[in-house]
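*Asks:* The structure that follows is given in the form of structure tokens.
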Amino acid sequence: MRKSFAIIGLGRFGGSVCQELIKSDQEVLAIDNCEDRVNEYMNIATHAVVANAQDEATLRSLGLRNFAHVIVAIGEDIQASILVTLMAKEMGVPKITAKAQNEYHARVLDKVGADIVVHPERDMGIRLGHKLTSNNMLDFIELSENYSLAEVMVTNKKFYNKTIEEINFRKHFNLTIVAIRRGKSELIVSPPANQLILENDVLLVVGQNDDVDYLDEKLNK
Ligand code: ATP
């Protein structure tokens, strides 16, 4: 379904969001107060305009309230990011995603009405930290403070050619296997209990962080 998005701030983050939305055939209004940035997106976004988003009259004239989702991707100018989020909320924008620079910024964005607050640098740091300290973990996404989704590769002989049931996976690791990636293209979604695990299979598991770390350790022995 085609939806309308407005992205305020065309830095690396806002710019990447814009490109992905356009790839998914969505309608995107791209706004930045820097003319060079806007010129870069002129032929990418559906519309691109040079405007200072801190000016309420400008936001109104751009019809911001008519967009289904507004993404506030202003980074360094924390005051501008908060003010723009607040104004978008007051105008009645149905969904607002805002990018936070730090925890305090995130709390304020949440208070002034952002529906989703993202911390790309922090989240990437956490994901990379997990990858760097583990041998088998290919990716790690925090779902909440204690729960995560992780991709771990099976490189322990003890697990090869056994079924999920034989390994007694759920009981032993307290984790759920949501899918198994095998080779380049095969994906087994919601594998049944009699599913065989093979060498170099990648398990996509959901569960508590400590349990994910325990599995990672066991898979490497
Ligand atoms: P990124 O990490 O996404 O590259 P950043 O965190 O370094 O970005 P900035 O470069 O400070 O963030 O801001 C992102 C964009 O937001 C910039 O292109 C900047 O010109 C734009 N911007 C900042 N303030 C405003 C404003 N008041 N109105 C419109 N655009 C703005």
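Results for (1) of a type outside the set (Gly, Ala, Ser); (2) outside any strand (DSSP E or B), shown as yes or no for each residue.
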| site | (1), (2) |
| --- | --- |
| Glu20 | yes, yes |
| Ala30 | no, no |
| Arg65 | yes, yes |
| Ala88 | no, yes |
| Ile96 | yes, no |
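*Asks:* Working carefully through the options Ser16, Ser81, find the one that is buried (at least 22 other Cβ atoms within 10 Å of the Cβ) and near the ligand (Cβ under 9 Å from one of its atoms). Even if it seems obvious, please write down each step before you answer.
*Replies:* On the way: Ser16 fails: buried (at least 22 other Cβ atoms within 10 Å of the Cβ).
Just one listed residue meets the conditions, Ser81.
*Asks:* Continuing with this model, one more query. For region 34-47, does any single residue satisfy the condition of being open to solvent by 60 Å² or more (accessible area, probe 1.4 Å) and in a strand (DSSP E or B)?
*Replies:* yes
*Asks:* Any residue at all in region 191-205 that's open to solvent by less than 20 Å² (accessible area, probe 1.4 Å) and in contact (Cβ under 8 Å) with a residue 60 or more places away in the chain?
*Replies:* Looking for residues that are open to solvent by less than 20 Å² (accessible area, probe 1.4 Å) and in contact (Cβ under 8 Å) with a residue 60 or more places away in the chain, one finds at least one in region 191-205, hence yes.
*Asks:* Which residues, counting only those in region 62-77, are within 13 Å of the ligand (Cβ to nearest atom) and open to solvent by 30 Å² or more (accessible area, probe 1.4 Å)? Walk me through it before giving the result.
*Replies:* Narrowing region 62-77 to residues within 13 Å of the ligand (Cβ to nearest atom): 62, 64, 70-77.
The answer is Leu62, Ile74, Glu76, Asp77.
*Asks:* Working only within region 45-61, note down all residues that are within 11 Å of the ligand (Cβ to nearest atom), of a type outside the set (Ser, Thr, Tyr) and out of contact with any helix residue (DSSP H, G or I) (no Cβ under 7 Å at 6 or more places or on another chain). Walk me through how you get there before you give the answer.
*Replies:* Filtering region 45-61 down to residues within 11 Å of the ligand (Cβ to nearest atom) leaves 49-55, 58-59.
With the extra rule that they be of a type outside the set (Ser, Thr, Tyr), the set shrinks to 49-55, 59.
The one that is within 11 Å of the ligand (Cβ to nearest atom), of a type outside the set (Ser, Thr, Tyr) and out of contact with any helix residue (DSSP H, G or I) (no Cβ under 7 Å at 6 or more places or on another chain): Asp55.
*Asks:* Residues in region 26-44 that are within 21 Å of Val93 (Cα to Cα), more than 10 Å from the ligand (Cβ to nearest atom) and not aliphatic (A, V, I, L, M): how many?
*Replies:* 2
The values are calculated or read from the model by the stated rules, or taken from the named source; none is laboratory data. Being a predicted model, the structure only gives us computed values, none of them experimental. Here Cβ is always computed from backbone atoms with ideal geometry, including for glycine, and neighbour counts include all displayed protein chains. Side chains are part of the model used for accessible areas, which takes the heavy atoms of the whole protein and leaves out ligands, DNA and RNA. Shrake-Rupley method; radii C 1.70, N 1.55, O 1.52, S 1.80 Å.
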